[in-house]
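Below is one structure, written out as structure tokens, with a few remarks after it.
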Amino acid sequence: MKTVFGPVPSRRLGQSLGIDPVPLQTCNWNCVYCQLGRTRPLVNKRSEFFPREEIIVEVEQALASHAPGEIDWVTFVGSGETTLHSGIGWLIRQVKNLTPLPVAVITNGTLFYQADVRRELSPADAVLPSFDAGNAELYLKINRPHPEITFERLVDGLTVFRKEYQGKLWVEVMLVRGLNDTEAALKEIAGILRNIKPDEIHILQPDRPPVETWVQPSDEEGVLRARAILGETAKIIHPASGSFDLSGDESLMEAVIGIITRHPMRQDELERALSQWSPGEVGQALADLIDSGRAQVIERYGVRFWSAAPSHYPEEVQSQRTMPGHSRQSV
Ligand code: SF4
């Protein structure tokens, strides 16, 4: 599978060229809100999952095929925990040699307790770790970590990383209704982040299908409460708008799979992204993806999302065949 995708619209990074250095669901967390399905098994051993040289060739090709202004950031992000790729430091340095574009790393921050991981991330312009809970019990409930990633280790790693790292540290808090959007939970998160001193705190809501059906985004009051309690560096990050660039893919089916594997898409987003192909071609490709078992439709909050078939969702998966020539409403 290709490891470079997009550019895709990002809530924080504009049009973002994505580098996905690990296979689907390679992660040491199993977050209740994960849009990739359940992590099985949890992986906490760093490895060169894809050869670094091949990733860089793809980056070079993607950069060469886009005019200046079409990409805002090059972002390590995707199918699992980015820092589990043992070559991430080399990859960041190579990307910096190839382009003056800023480089971001989206990570859960779990490996920051390791000095070599902290050192490898140091050339990145921005690092965006997660921090969803201010105590060990809630951390276990929301992030369901690998046993080696204790809460103390997570907090200690973030604290040391902040002291060493010179770039922008933007900590992401994903609000889950009834879990970490209460006054008490937010005060605990705020207390720890006050010591860590990130440049910004980004308040996010699950807007893609969460793996657990009971997960709900916070309500408006909860989001405002979070902004008030998390302090003046906290920003509410709204869902991204913009266009998905699928032009670098060789076939329509590969283009769709490349995106929905990392980023389940709402029906309307997919329709916009695929508008360069005719409705007949799109209908046929989606029907083929369902028939070949490579895609599935997930329904959350009354909205249908396309997702890659290997992702494991516990309920409400619909294997719907979309016939060519059907209304695009049925996509
Ligand atoms: S949301 Fe991110 S950190 Fe959490 S399980 Fe999914 S890939 Fe891992």
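Quick look at the numbers
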read-out: Calculated SAXS-style log₁₀ I(q)/I(0) at q = 0.20 Å⁻¹ - segment 151-196, Debye, Cα scatterers; value: -0.74
read-out: Part-to-part distance (alpha-carbon centres) for segment 42-68 and segment 108-173, which is given in Å; value: 23 Å
read-out: Other-chain or far-sequence residues with amide H under 5 Å of M265's (modelled H); value: W306
read-out: The chain - percent relative contact order, Cα under 8 Å, separation 6 or more; value: 18 percent
read-out: Computed [θ] at 222 nm, deg cm²/dmol, the chain (DSSP H ≥ 4; -39,500 (n - 2.57); rounded to nearest 500); value: -10000 deg cm²/dmol
read-out: Rg/Rh for segment 122-257, where both radii come from Cα atoms and Rh is the Kirkwood radius; value: 1.02
read-out: Interchain or long-range residues, amide H under 5 Å from T107's placed H; value: L128, S130
read-out: Sorted peptide list for 19-30, 126-137, criterion being average Cβ within 10 angstrom, highest first; value: 19-30, 126-137
read-out: Rounded, prolate or oblate (a/c below 1.5 giving rounded, otherwise prolate when a/b exceeds b/c) for segment 3-89 by Cα gyration tensor; value: oblate
read-out: Note, ³J(HN,Hα) from phi for segment 223-236, Karplus 6.51, -1.76, 1.60, rounded to Hz, x at Gly and Pro; value: 5, 5, 4, 4, 5, 5, 6, 6, x, 6, 8, 7, 10, 8
read-out: Among beta bridges that DSSP assigns inside the chain, antiparallel share in %, nearest 5; value: 40 percent
read-out: Share of carbon and sulfur in the accessible heavy-atom surface of the chain [1.4 Å probe, %]; value: 50 percent
read-out: In segment 42-113, the trypsin sites (Lys or Arg not before Pro) that fall in loop regions by DSSP, at most 12 other Cβ within 10 Å; value: K45
read-out: Average accessible area per residue (Å²) across segment 1-79 - probe 1.4 Å, nucleic acids and ligands excluded; value: 40 Å²
read-out: Rg(Cα)/(2.2 N^0.38 Å) for segment 47-155, N = residue count; value: 1.19
read-out: Equivalent-ellipsoid semi-axes of segment 172-219, from the Cα gyration tensor, Å, largest first; value: 22, 13, 7
read-out: 22 Å Cα-Cα threshold exceeded, pairs from K45/K163; K141/K197; K2/K96; value: K45/K163; K141/K197
read-out: Scattering curve values for the chain, log₁₀ I(q)/I(0), Debye with Cα scatterers, q = 0.12, 0.13 Å⁻¹; value: -0.83, -0.98
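The values are calculated or read from the model by the stated rules, or taken from the named source; none is laboratory data. Just so it is clear, the structure is predicted and the values come from calculations on it, not from any experiment. Backbone-built Cβ (ideal geometry, glycine too); neighbour counts: all protein chains shown. Ligands, DNA and RNA are excluded from the accessible area calculation, which covers all protein heavy atoms including side chains. Shrake-Rupley method; radii C 1.70, N 1.55, O 1.52, S 1.80 Å.
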